Structures are given as structure tokens and as C-alpha cells.
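The values are calculated or read from the model by the stated rules, or taken from the named source; none is laboratory data. Keep in mind that what you see is a predicted model, and the values were worked out from it rather than measured. All Cβ positions, glycine included, derive from the backbone under ideal geometry; neighbour counts span all protein chains shown.
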């Protein structure tokens, strides 16, 4: 071999390129569309979760979603609708919960009976019986480059 250093460099470069290609195929994006909002007032709070424990966890008053939530975002409303793209999401199972913080106080307001006064929703448009539905009912799989999820809030 005339130049073994060049040969080794070429192999390492190809290995790194191949690794980068494989990693890129193991991640995707989630295009979230939220419809059914009553107004453009306030904003929508969104939490992307990858386990039942984090999904069913209720926010404590004035506290952000758990550190174990995959991502949480706050989005402005336009035309009574919100669109958001979660990028660079590893393939796997996820569930999303959202609520319309119409008055901007950072909390899902409730009546004296504990019933939500502001709109909310979950992936697969499931509803829980007296609370947040199970992760199993709300979960969806990210196994492609772009997954679109639509949530209708009520």
C-alpha cells in the first residue's frame, strides 16, 4: 500500500458518514395541529410525553411541566388554531396533552367542582374518565420522517 494513512482516513470517514445516516433515520418530526379553540385569546400549552407517568402527571399550580416531559412549549393562537413541529424526535411512542390558557394565568382553570373551565385535549382525541386518560389510549408511534397529529380541544 502506498499510503496507509489515507486508507485509514477513508475508512473512518465512511464509518462516520454511515453512522450519521443511520442516526438520521432513527429520528423524525411531529407536526401538531390543534383545532377547535374558542378564541385567539391567551395561548396553548403543549406537553409531549413518552411514558404514562409523565403523561398522567398534573401540573402543580404555577409550575411548568415535569423535567421528564420530552418537550413542553407555549404557542400563540392564530385563527383559533395552532400548528407546531416537534423536530429531532427519536422514533418511539409518545402522547401529547394540550390546554388553552385563555386568560394567560399559566393554569388550567377549574370550577369549584374541579371540572376544567378552559379547553383541553389529548392525542388520538381521547378523553379520560375523571382525569387524564392513560398513556396507552393517547399514544401514537413516530416511525417515519414526519408524523401529523391533530387534536380537537373541548
Restricting attention to segment 125-145, which residues are under 21 Å from residue 74 (Cα atoms) and either at pLDDT below 95 or surrounded by fewer than 16 Cβ atoms within 10 Å (Cβ to Cβ) (or both)?
125, 132
Got at least one residue in segment 101-118 being more than 16 Å from residue 51 (Cβ to Cβ), at pLDDT below 95 and not in a loop (DSSP other than H, G, I, E, B)?
yes
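Return a yes/no flag: does segment 105-120 have any residue that is touching a strand residue (DSSP E or B) at 6+ places or on another chain (Cβ under 9 Å) and within 23 Å of residue 28 (Cβ to Cβ).
no
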Condition first: at pLDDT 85 or above, touching a strand residue (DSSP E or B) at 6+ places or on another chain (Cβ under 9 Å) and more than 21 Å from residue 143 (Cα to Cα). Can you find one or more residues in segment 82-95 that meet it?
yes
